[in-house]
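Shown next, in structure tokens, is the structure this report addresses.
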Amino acid sequence: MNRMILLATMALLGVGPLCAALTEADLTPNAISNAMLTKPEAERQAFAREVIGAVAAQPIDDAAKTESLVTASRALISGAEAQKVNVIAEVFNSVPVAQLQGVADLLSDNFGEKVTANEVKGLTSEQYDKLASGIVKSVSQYIEASGTDSPTVRMGILAATFTKASSDPNRTRPVVIAALPASVQAAASTYLKASEEGNREMIAAAAGVDEVAPTPAVDPDAASVVVPAEETPAPAAAEAAETIASERTKPAADEAKVPLLSRWAADSLGLTFDAMRAATYDWAAVEDPLAVRTDSMVPTLPGFANVVGVPGERFPAGQPLPKPSPSYGNQYVR
């Protein structure tokens, strides 16, 4: 009977056996990341919920709890791999709303456009906005369906996080608002603005909590957070460009004797033909790039007509070189 009463009490208090089993040693960043990697993908989001619940239940002050939640959230996200968006959803869904603003403020560094561009080379602003809106849409749908407390406030903070992470918040803001459920867009936009402006009183009132904990003045993970590289100052950039230009004018000490390829990047057809021909002729085996083969071309290839000399081997002495192939005008330029 006593055991039944104990289990009933734990259920009422929301303390699950798995959550209770997590010790302080289990809540270090390395332990969390390693545990996430050992979990089957389908269990990683549930494990994130347990970890966040265990950290939030610690008997520490709000400032220390916010720092612990930031560190734990980063460790969970870093170990999530393919489940990264689901774990981000659990962070914004399960972190106590009193600490969520502070956690989100520091997580925005990890979601920053410059940091993302370092990971995904060539990422454009439009692509970042599309990525951010996709995450916001997925996470907000989960929050809406989960039954968590203060869902609209959480969605507002979520949208504000990716807005602040953008290189141009005014560009990204309407995109992430449009990704929120239509029924909450108006209210969430108000909380987004409050989150951006640091209006914790409005957030606390809307969430029904006494106060919203301040964002830690010092990032607890400052030593390990990826900071985007500062842009090169204009004078230094100009000097670097001048140096590169001057280097280009210097003759190479040992010029590679290969034909040059000159095409517009949008010339997909021409580049395709060039790649096909490059695969056909063994340029590396040719001593002299002006040497050509003397065997006949396949007569069905368009544009070659009666040309019998093609790049690849030496041409008989004294015999003129054939005209460059139609799609390779710089064939003999060195």
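The values are calculated or read from the model by the stated rules, or taken from the named source; none is laboratory data. It should be emphasised that the depicted structure is a prediction, and the values quoted were computed from it without experimental measurement. Here the Cβ positions follow ideal geometry from the backbone for every residue, glycine too, while neighbour counts run over all protein chains shown. Ligands, DNA and RNA are stripped out before the accessible areas are found, and what is left, the full protein with its side chains, is counted by its heavy atoms. Shrake-Rupley method; radii C 1.70, N 1.55, O 1.52, S 1.80 Å.
Tabulated values for the structure
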read-out	value
Subset of the stretch 160-171 (residues that are assigned to a helix (DSSP H, G or I) and within 16 Å of the chain's Cα centre (by Cα))	T161, F162, T163, K164, A165
Residue satisfying all of: in the stretch 131-159; part of a helix (DSSP H, G or I) and out of contact with any helix residue (DSSP H, G or I) (no Cβ under 8 Å at 6 or more places or on another chain); farthest from D105 (Cα to Cα) among these	A145
Filter result (touching a Gly at 6+ places or on another chain (Cβ under 8 Å), β-branched (V, I, T) and open to solvent by 50 Å² or more (accessible area, probe 1.4 Å)) within the stretch 186-227	T190
Residue in the stretch 115-126 that is among the charged types (D, E, K, R) and modelled with pLDDT of 95 or more present	no
Of all residues making up the stretch 57-114, the number that are open to solvent by 30 Å² or more (accessible area, probe 1.4 Å) and not in a helix (DSSP H, G or I)	6
Verdict on S150 being of a type in the set (S, T, Y), over 14 Å from A179 (Cβ atoms) and at pLDDT 95 or above	yes
Residue that is surrounded by 19 or more Cβ atoms within 10 Å (Cβ to Cβ) and among the polar types (S, T, N, Q), where the choices are S183, S138, S167, S133	S133
The one condition in (1) part of a loop (DSSP other than H, G, I, E, B); (2) modelled with pLDDT of 95 or more; (3) open to solvent by 70 Å² or more (accessible area, probe 1.4 Å); (4) not hydrophobic (A, V, I, L, M, F, W, C) that P174 fails to fulfil	(1)
